[in-house]
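All remarks here apply to the structure that follows.
The values are calculated or read from the model by the stated rules, or taken from the named source; none is laboratory data. Quick caveat, the model's predicted, so the values are computed rather than measured. Cβ sites come from the backbone with ideal geometry, for glycine too, and all protein chains shown count toward neighbours.
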Amino acid sequence: MLDYVILGNPIQDWAIALACTMAVYLGAGIVKALLKKHLCRQDPDDGHIWQKILFKVLDEIHPLFLLIAAIYSGSLLLTLPKPAANVIEKIFLVGFLLQIGLLVSRAVLTWIEHHRRLQLAKNAEAVTMLGSVSFLLRILLWTFLFLVALDSFGVNVTTLIAGLGVGGIAVALAVQNILGDIFASFSIVLDKPFVIGDFIIVDAHMGTVEHVGLKTTRLRSLSGEQLIFANDDLLRSRIRNYKRMFERRVVFAVGVLYQTPLEKLEMIPGIIKAIVEEQKPVRFDRAHFKEFGAFALNFETVYWVLDSDFNIHMDIQQAINLAIFKRFDQEGIGFAYPTQTLHIQPPAETEKDSA
């Protein structure tokens, strides 16, 4: 009975091949489960980088690939017709290449994400570059695996690459807008007009940079919504980067009444100067009687806040305003406000008719 031949192989060989297939499939599954169980005893987010990579890579091992690998292993114990053996071998090769691509991609993404979190607080420029590096590595990986697969199927890879070069020109013309955004993303990474975490203003929009992608850059606005810009449009705009501002120049004006005595007017620049110099960290620049306004005598003051933080700037300005209000009240100096004086002239009396 065991010597009965099916497709050129005794039943005994078929049984051994089936047992080998089941052993490989179940054994690989058990090893995968045991490794994951061992790694689960430690928090994958708190372990070393290799533990994180291994944990993520194990999740990418697909059961279908294990089944294909097990069937291929069992087929090696049989004497199969050449066409059938070639089909099984090609299926295994394609599955193997796909699995390798998934495993390496997951390992790269895990490594990039790990270093992104570590570098975010220290070096935002490195975080911005990591995204592009990850994309390029994956593109190169899948291109290489695709060419290897084609070569294994007997395709002339050299001729194909030459043909792709000609066809690539047509494709580039069709997707030139997308390619423009991709090249703009590389320009952002290399030139670094801004990085993740910078507060920028683009035309009338402002926000903190959250993500620099291949197609778009995303900002989180002050009111909470996400602003999305195409990279090419973004670089064509005028960008103001406030994160790289080391100190802030502040100009403000104070208007007093025209009825203010001359000696009080002469005191005002000194009063404002003393108030501004009391604030820290501040560098006083000037305070002058600037102009005769429509309804006020205007004084202009300029100072520098030696910190780029906007909240610090507003705290200092608030303290200066309150101090000016208090001191002007003590000196009897009144603040001007829009007024309008109407002069009403009675109509000329008409001559009475003489009668």
Worksheet item: Can you tell which of 312, 316 is within 30 Å of residue 212 (Cβ to Cβ), at pLDDT 90 or above and not in a loop (DSSP other than H, G, I, E, B)?
Response: 312
Practice prompt. Please verify whether region 5-13 includes one or more residues that are of a type in the set (Val, Ile, Thr), modelled with pLDDT under 85 and crowded, with 16+ Cβ neighbours inside 10 Å.
Written response: no
Worksheet item: Say we look at region 212-267 and pick out the residues that are over 16 Å from residue 202 (Cα atoms) and of a type in the set (Val, Ile, Thr); which of these is surrounded by the fewest Cβ atoms within 10 Å (Cβ to Cβ)?
Response: 251
Worksheet item: If you go through region 239-266, how many residues are over 21 Å from residue 313 (Cβ atoms) and in contact with an Asp or Glu (Cβ under 7 Å, 6 or more places away or on another chain)?
Response: 1
Item to complete: Count, please, the residues in region 231-261 that happen to be in a strand (DSSP E or B) and among the small types (Gly, Ala, Ser).
Response: 2
